[in-house]
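Data first, discussion second: the structure below is written as structure tokens.
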Amino acid sequence: MDSARTDPRSEFFIPLDQESLKLEYDKDSTPEEFHSIATAFDEHLWAVVNTASVPFYMAGTSAHSKIFMRFHTAERILALKLTTPGAKLSPELEKLAHEKAMARMTDEKTDFPTLLLDELRSVMDVTNLVESNRELLRQGLVLGWGALEVFTRDLLEALLNTSPSLATLLMNNADTKKLFTKGLTFDSLSEYNFDASRHMGTILTNQHPINTVESMKHVFGVLFPANTQLKSALDDRQLRIINQGRHVIVHRRGLIDRDYIRLAKEGTLGTRLVITPDKLEENLLVLRNTANKILIAATHPS
């Protein structure tokens, strides 16, 4: 059998370090209204990791239980020497055996990682479990993109609410004006007593979602035209692949279409999209990097 197919890490997501997914920014120089938005994004990405890692956590619990059972059984047998032949362990000896087993779990060198991987390897031949796990990874990509989408909307809303003059840039640009023209209606203005100065972000983002790479490029390209790092992040081909992959999963039940093949240069038409654990981790880091560049650009717009 192909060695890659027998390695559980090729199928099951192993949680990465939480700190590697957190946004990096100077809290002192970042507007306070951005802090909660950044924290929410961090928590959303970590929720994706925890969701995708469910099989890993379950395998870890099983491996831990098996190791403990081995030690506990040995300690109970040893404790029987302290009783008369044929007698059962007293509650005191049961408690002592449990405590000694817990101590051995801590003190003795046990190859826990290998045992955990063995637990995962044991289910790799169970088709339903493998397919369920692959669906979990696909949904991880969807949730990851959703985290960026929510972050982008909330940050843009907060930015325009605090700096309403930036809305003028959006309304004067041909591409972005088409996105937000419907936003400034009589009803939307009357809702705020015709004082839009502190609500421009809310009015505009309520009218049109910024949920594609193209819309992000248009909006942030107009707001921060000199920010080359943000432009580079939004031009990242992998970001487009993530967005298209999300579209395939949500709208085509995960079946690869021609647009995905054209963009990703991989996959077979009509087959189910497979998101490997390594690919999901890479995608989460791309999403985190994009959000970080947007946050820094909004903090230092000039």
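Sum -39500 (n - 2.57) across every DSSP H segment of at least 4 residues in the chain, then divide by the residue count to get the 222 nm mean residue ellipticity, nearest 500.
Theoretical 222 nm ellipticity from helices: -21500 deg cm²/dmol.
Show me the trypsin sites (Lys or Arg not before Pro) within the stretch 79-124 that DSSP assigns to loop and that have at most 12 other Cβ atoms within 10 Å of their Cβ.
K88, K109
I'd like the accessible area for H208: 1.4 Å probe, protein heavy atoms, all chains in place, Å² to the nearest 10.
50 Å²
Given that compact globular proteins tend to follow 2.2 N^0.38 Å, what is the ratio of the alpha-carbon Rg of the stretch 211-302 to that value?
Normalised Cα radius of gyration, the stretch 211-302: 1.19.
In degrees between 0 and 90, to the nearest 10, how far off the longest principal axis of the chain does helix 91-107 point, with axes built from Cα atoms?
Here the helix axis deviates by roughly 60 degrees.
Which one of S65, P31, V49 is farthest out on the positive end of the charge dipole of the stretch 1-90, using unit charges on Cβ (Lys, Arg +1; Asp, Glu -1) and the Cα centre as origin?
Comparing the listed Cα positions along the dipole, S65 ranks first.
As a test of reading the structure, rank H72, H300 by solvent-accessible area (1.4 Å probe, protein chains only), most first.
Highest to lowest solvent-accessible surface, that is H300, H72.
Could you size up the charge dipole of the stretch 1-103 around its Cα centre, putting +1 on the beta carbon of Lys and Arg and -1 on that of Asp and Glu, and report it in debye to the nearest 20? Could the numbers behind the result be given before it?
Working: 11 positive and 16 negative charges, 252 e Å.
That gives the stretch 1-103 a dipole magnitude of about 1220 debye.
Report the charge-dipole magnitude of the stretch 196-302 in Debye, nearest 20, computed about the Cα centre from +1 at each Lys and Arg Cβ and -1 at each Asp and Glu Cβ. Walk me through the intermediate numbers first.
Working: 15 positive and 9 negative charges, 37 e Å.
The calculation lands at about 180 debye.
Kindly give Rg over Rh for the chain, based on alpha-carbon atoms, with the Kirkwood expression for the hydrodynamic radius.
Rg divided by Rh gives 1.15.
What order, most packed first, do the peptides 163-170, 285-292, 236-243 have when packing is the mean number of other Cβ atoms within 10 Å of each residue?
Descending packing order for the listed peptides: 285-292, 236-243, 163-170.
Run the simple label-point estimate for D278 and T83 please: 7 Å along Cα→C-beta, distance reported in nm.
With each label placed 7 Å out from Cα toward Cβ, I get 5.3 nm.
Can you list the GluC sites (Glu not before Pro) in the stretch 1-60 that are in a DSSP coil and have 12 or fewer other beta carbons within 10 angstrom?
Loop-located and lightly packed - E24.
Go through 272-284, 221-233 and give me the packing order, highest mean Cβ count within 10 Å leading.
Most protected by this proxy first, the peptides run 272-284, 221-233.
With every protein chain kept in the model, how would you rank V123, V150 by accessible area, 1.4 Å probe, largest at the top?
On the way: V123 40, V150 65 Å².
Sorted descending by solvent-accessible area, the residues read V150, V123.
State, to one decimal in nm, how far the label point of D175 lies from the label point of K217, with both points 7 Å from Cα in the Cβ direction.
0.7 nm
Using a Förster distance of 51 angstrom, determine the FRET efficiency expected from the C-beta separation of V250 and F68, and round it to 0.05.
It comes to 0.75.
Computed FRET efficiency, Cβ-Cβ of V54 and M102, R0 25 Å: what is it to the nearest 0.05? Before the final figure, lay out each step's value.
Working: r = 26 Å, r/R0 = 1.03.
With a Förster radius of 25 Å, E is 0.45.
Calculate, for E131 and E33, the FRET efficiency according to 1/(1 + (r/R0)^6) with r their C-beta to C-beta distance and R0 41 Å; round to the nearest 0.05.
Approximately 0.40, to the nearest 0.05.
Of L116, S215, A298, which is farthest on the positive side of the dipole of the chain, counting Cα position, with +1 on Lys and Arg Cβ, -1 on Asp and Glu Cβ, and the Cα centre as origin?
Of the options given, the answer is L116.
How charged is the neighbourhood of D278? Take every other residue with its Cβ under 12 Å from the Cβ of D278, and add Lys/Arg as +1 and Asp/Glu as -1.
Values: positive: R9, K279; negative: D7, E11, E281, E282.
Neighbourhood net charge equals -2.
Report the one residue of N161, S90, Y260 whose Cα lies farthest in the direction of the positive end of the charge dipole of the chain (charges on C-beta: Lys and Arg +1, Asp and Glu -1; origin at the Cα centre).
Value: Y260.
The values are calculated or read from the model by the stated rules, or taken from the named source; none is laboratory data. A quick note: this is a predicted structure, and the numbers were derived from the prediction, not measured. So basically every Cβ, Gly included, is an ideal-geometry build from the backbone, and we count neighbours across all protein chains shown. Quick note on the areas: whole protein, heavy atoms, side chains included, nothing else; ligands and nucleic acids left out. Shrake-Rupley method; radii C 1.70, N 1.55, O 1.52, S 1.80 Å.
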